[in-house]
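Read the figures in this text as sums done on the coordinates, not as results from a lab. The structure presented is a predicted model; accordingly, all values stated were derived computationally and were not measured. Ideal geometry is used to build each Cβ from the backbone, glycine not excepted, and the neighbour counts take in all protein chains shown.
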């Protein structure tokens, strides 16, 4: 028998999937013959969807990619279709050559290895990122942006409700980072945290990441983790950053 948490998350996933399917039909009408395919990716497609903390990740491939005007129109259509879900919609896109738009290496792997079509005219080939490609990507803006968020949270005096989702994501990111860095692949939060327990770099507080995962699984407020202050006035987040930075350096 499903647990109440599992039932609630599965119900939310079903609603999110129905919304994504509706948006795929919108893309078919919008782009016509230029549309190559619309795909569900991430937790919506492959498990671990959280009714509170997950985005609704979609990939749109079109002959010439997706324009800013297309994206703006999509936002308006999504708000009209389901105002409560529109804010969760996260769009990835590219062209036939998989060379433009927002289509990072890890999401390319999701498309290459685990495609879940919502609408498809043609399955286009996409070059597989190498481990070196993935590491170069991870060590760039993803690491820099995460480190900045982590230091910002560590220096903050309070945790506002609007910050609950980014705070949980900031705590969980080291697990996904380590998994992708070492394995050259993408994993769910659950699988990445399980991997971290066996493969964490020195100095990384695995227990803190595990507690963040438990709160995500329960769709609970992250306030119990806010008092975590391993270093005076800085919290434990900087130690997560330092551990991942050391792994990059090695």
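Quick notes
- Distance in nm between pseudo-label sites at residue 25 and residue 100 (7 Å out along the Cβ direction from Cα): 2.9 nm
- Taking the chain and dividing mean pair separation by its residue count, relative contact order in percent (alpha carbons under 8 Å, at least six apart): 18 percent
- Mean residue ellipticity at 222 nm, helices only, the chain: -17500 deg cm²/dmol; runs of at least 4 DSSP H residues each add -39,500 (n - 2.57), and the sum is divided by the number of residues.
- Of all DSSP bridge pairs formed entirely within the chain, close to 60 percent run antiparallel.
- The fraction of Cα-Cα pairs per 5 angstrom bin, counted from 0 for the range 131-249, comes to 2, 12, 24, 25, 21, 11, 4, 1 percent, rounded to whole percents.
- Separation between Cα centres of the range 138-177 and the range 70-101, rounded to whole Å: 24 Å
- Relative frequency of Cα-Cα separations exceeding 20 Å in the range 84-166, percent: 52 percent
- Which label in (1) 7, 29, 34, 24, 7, 0; (2) 7, 26, 26, 17, 12, 9, 3, 0; (3) 7, 28, 32, 21, 11, 2, 0 gives the computed P(r) over Cα pairs in 10 Å bins from 0, in percent: (1)
- Rounded FRET efficiency, nearest 0.05, which uses the C-beta distance separating residue 155 from residue 15 and R0 of 51 Å: 0.85
- Computed label-point distance, nm, for sites residue 33 and residue 131 using a 7 Å Cα→Cβ extension: 4.5 nm
- Mean Cβ neighbour count within 10 Å, used as a protection proxy, ranking 216-227, 188-199 highest first: 188-199, 216-227
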